[in-house]
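Below you'll find the structure, written out as structure tokens, and then a few comments.
The values are calculated or read from the model by the stated rules, or taken from the named source; none is laboratory data. Source: prediction; values computed, not measured. When we count neighbours, we look across all protein chains shown, and the Cβ atoms used for this are built from the backbone with ideal geometry, even at glycine.
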2 protein chains.
Amino acid sequence: MKDTNRLRDTFEETEYQLAGHGKRTARILKEAFAQVDDGLKSDHYGEGQVIDAFQDKMAKLLGKEETVFFPSGTMAQQIALRIWSDEEGIRKVGYHPLSHLEIHEENGLQELHGIQSILLADRNSIITLEDIVNMQEKVACILLELPQREIGGQLPDYKTLEDISAYCREHGIRLHLDGARLLEVLPYYGKTAAEISALFDSVYISVYKGIGGIAGAVLAGNAEFIQQSKVWKRRHGGDLISLYPYIVSADYYFDQRVNQMRRYYEDATELAGYFNNVPAVTTLPEVPVSNMFHVHIALPEEQAAEAIAAAQEQTGIGITGYVRKIDDHNCYFEVSLGDQYANLSAAEVRKVFQQFDSEIKKVMS
Amino acid sequence: MKDTNRLRDTFEETEYQLAGHGKRTARILKEAFAQVDDGLKSDHYGEGQVIDAFQDKMAKLLGKEETVFFPSGTMAQQIALRIWSDEEGIRKVGYHPLSHLEIHEENGLQELHGIQSILLADRNSIITLEDIVNMQEKVACILLELPQREIGGQLPDYKTLEDISAYCREHGIRLHLDGARLLEVLPYYGKTAAEISALFDSVYISVYKGIGGIAGAVLAGNAEFIQQSKVWKRRHGGDLISLYPYIVSADYYFDQRVNQMRRYYEDATELAGYFNNVPAVTTLPEVPVSNMFHVHIALPEEQAAEAIAAAQEQTGIGITGYVRKIDDHNCYFEVSLGDQYANLSAAEVRKVFQQFDSEIKKVMS
């Protein structure tokens, strides 16, 4: 615990960081609102120009009839699965064992909606067509997460996506996209957001991952689905009188970053290469397919933390503020590339990795 | 519909309005953040200094062990009722027929929590001790709304509150306060927020009614209740990565307005007097007990709208932007006093009511 706090403290004291868009401070909001007219009218319980315009923009991006802005992805996705479950009259949905719904939502899907999850694939693998074909139970809907965040952001190939989509349509199974990081995988697939969304009945994207907004989510689908989702949004307590603080900032940072996703992806590939050259360190995936990956260190978390903290102190460049224990001999942390990497010269990046390399060797010796 | 839009348009074009704190625009957010340091750290999934400090401040105000900030009152209250229902093992709660939960939440309490509502009192009356004593069904919890908004903001006397509280404690019924407008009723009762909250097991207050923030709610109770409410907040999708846009603005406007509630109440009393002097117009309650009341007009909505729109056009002072039909011969609108009334001189107020009086007489003739 002491070492973990030292790791966090040394990270917070660094002037530059390898990953991310920068610290989550009030600056994010103030910058987004600096150009906004004082007289801009608030949205009002889901209506008004500020929310309509952004929802329309996202509908065009995703190639769906309509979208609705939600305060959170947790809310948006439970609601999508509830609508498809009600439609089918089956309170079962299939998703990955490490889906956000399974591990980060306190079992809300079951507790609020009475929907049972059927876990597809091994927790360390991505979902294949075979996993779906071999399901023993009938489900109303399958949720695919692209990329699969908790295993480093892995992706199926595009052919697999098409096959899964075709299979689900043939078999009357709705397909929902957990696209929290959808924009971030477009460069790898070489597809538009609309092309990928077309394989799914409903799509969720986050506005504060690669886009770097404050909070919020967008749910997309056909008009009937979206109409129902608004009723459920009200029921969940998500139909706030004003969501504009999130919408204005989402729109502002979307415009800044929507065309930066290729750069983040290329930077991730480069940065993963640096990590893979350090002893005891590997990335998952080895070659990233988006702006993210996990860094695995074959050392006890205390030793890994010590090495990283020392490297951060020596260089003033931030690698991570935490490591998470896997077992007594292994730990990991997550990296998501953003605007900050471009602020570092190649020499500075080499410097931090030389120091990291030497600190790792120290704790291993 | 044509007249209704004219009413809205004439209202929006007025320079001054009798009620409210002013238009809900981005100015509200920008003013609250003008003094905030760029480096202020965001809260992070319910943790961090910015949310802790406000929650502690609200706990002191309400005299409860702990509080939690929610994006909406809808979410906070459903969760409070769910916790008490689970504790008691009874999925039934009692509240007023015009409770927010009954008429504005798309039946979320039933659809998400499987909780049945038992309606207490006639829809035009406030809940009495007798209504509770005479209940035919056992409920886990009773929700009292102070003031009862949908009937103009009426209140029971303090003795009734004490008696209901004592009865519920004796009979193992949890008592929850829908105190969306709790601060607004303190001057009438001559009590502190903590004194009134002490009669209840759990309390919700809104931060965007009298306080005039952007959105959000505070739920208060004992430590065990609040711990559970945080789990449910996560399940509902309300545990956002960042709630600070709402918290910072709530805190800013709370400090500005917490001591203005007596003035709003006195202004409401004065303003209701003006309305009651106009032919065909009465207020509910006749003498307000908070900053709010309803204005009833014994005319078809089109005629009432015509008279109000004309008065607004003639004087440049806003009375209301809508009227709601009750039946073919009656309509009403709601008035909540805020900062704006003090911007008008007595002469200006008299002027708008002279004009309103003459326009009402015109449409009646």
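Output the residues belonging to the stretch A:202-248 that are surrounded by fewer than 24 Cβ atoms within 10 Å (Cβ to Cβ), away from chain B (no Cβ under 13 Å) and either in contact with a Phe, Trp or Tyr (Cβ under 8 Å, 6 or more places away or on another chain) or not in a helix (DSSP H, G or I) (or both).
A:Asn222
Go through (1) touching a Leu at 6+ places or on another chain (Cβ under 9 Å); (2) of a type outside the set (A, V, I, L, M); (3) in a helix (DSSP H, G or I) one by one and return the number of the condition B:Thr67 breaks.
(3)
Restricting to the stretch A:270-286, count the residues that are surrounded by fewer than 17 Cβ atoms within 10 Å (Cβ to Cβ) and in a helix (DSSP H, G or I).
3
Is there any pair linking a residue in the stretch B:4-24 that is at pLDDT 95 or above to one that is of a type in the set (D, E, K, R) and assigned to a helix (DSSP H, G or I), with Cβ under 7 Å and at least six apart or on different chains, and which?
B:Thr10/B:Glu313; B:His21/B:Asp339; B:Gly22/B:Asp339
Given the condition closer than 29 Å to A:Thr192 by Cβ and within 12 Å of chain B (Cβ to nearest Cβ), answer yes or no: does some residue in the stretch A:5-18 qualify?
no
Table: residues versus (1) in the same structural domain as B:Gly212 (by TED's automatic domain parsing); (2) within 23 Å of B:Ile173 (Cβ to Cβ); (3) over 24 Å from the mean Cα position of the chain (by Cα).
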residue	(1), (2), (3)
B:Glu31	no, no, no
B:Ser72	yes, no, no
B:Leu98	yes, yes, no
B:Ser117	yes, yes, no
B:Ala121	yes, yes, no
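Let me spell it out: the conditions are (1) part of a helix (DSSP H, G or I); (2) in the same structural domain as A:Glu359 (by TED's automatic domain parsing), and A:His296 meets all of them except one. Which number is the exception?
(1)
What number of residues within the stretch A:132-185 satisfy the criterion of being buried (at least 24 other Cβ atoms within 10 Å of the Cβ), assigned to a helix (DSSP H, G or I) and not aliphatic (A, V, I, L, M)?
1
So, B:Leu81, is that one in contact (Cβ under 8 Å) with a residue 12 or more places away in the chain, of a type in the set (A, V, I, L, M) and within 14 Å of chain A (Cβ to nearest Cβ) or not?
Values: in contact (Cβ under 8 Å) with a residue 12 or more places away in the chain: yes; of a type in the set (A, V, I, L, M): yes; within 14 Å of chain A (Cβ to nearest Cβ): yes.
Yes: the conditions hold for B:Leu81.
Can you tell me which of (1) part of a helix (DSSP H, G or I); (2) buried (at least 17 other Cβ atoms within 10 Å of the Cβ); (3) within 12 Å of chain B (Cβ to nearest Cβ) is the one A:Asp86 doesn't meet?
Status for A:Asp86: all satisfied but (2).
Kindly list the number of the only condition in (1) surrounded by fewer than 22 Cβ atoms within 10 Å (Cβ to Cβ); (2) closer than 27 Å to A:Glu88 by Cα that fails for A:Thr192.
Only one criterion in (1) surrounded by fewer than 22 Cβ atoms within 10 Å (Cβ to Cβ); (2) closer than 27 Å to A:Glu88 by Cα is unmet by A:Thr192, namely (2).
How many residues are small (Gly, Ala, Ser) and assigned to a loop (DSSP other than H, G, I, E, B) if we restrict to the stretch B:192-201?
Of the residues in that region, 1 qualify.
Only one of (1) part of a helix (DSSP H, G or I); (2) facing chain B (nearest Cβ under 8 Å); (3) charged (D, E, K, R); (4) touching a residue at least 24 places away in the same chain (Cβ under 8 Å) is not met by A:Asp251, so which one is it?
The one condition A:Asp251 does not meet is (2).
Output the residue which, of all residues in the stretch A:296-321 that are in contact with a strand residue (DSSP E or B) (Cβ under 6 Å, 6 or more places away or on another chain) and farther than 18 Å from A:Lys351 by Cβ, is surrounded by the most Cβ atoms within 10 Å (Cβ to Cβ).
Residue satisfying both the conditions and the ranking: A:Ala304.
Which condition number does B:Ala342 fail, the rest of (1) within 28 Å of B:Gly213 (Cβ to Cβ); (2) part of a strand (DSSP E or B) being met?
Going through the list (1) within 28 Å of B:Gly213 (Cβ to Cβ); (2) part of a strand (DSSP E or B), B:Ala342 breaks only (2).
Exactly one condition in (1) free of Cβ contacts under 8 Å to residues at least 60 places away in the same chain; (2) touching a strand residue (DSSP E or B) at 6+ places or on another chain (Cβ under 6 Å) is not met by B:Thr283; state its number.
(1)
From the list B:Glu111, B:Glu105, exactly one residue is in a loop (DSSP other than H, G, I, E, B) and free of Cβ contacts under 8 Å to residues at least 40 places away in the same chain. Which is it?
Criteria check complete, one pass: B:Glu105.
If you scan the stretch A:90-102, which residues turn out to be touching a residue at least 40 places away in the same chain (Cβ under 8 Å), away from every other protein chain (no Cβ under 14 Å) and not hydrophobic (A, V, I, L, M, F, W, C)?
A:Lys92, A:Gly94, A:Tyr95, A:His96, A:Ser99, listed by residue number.
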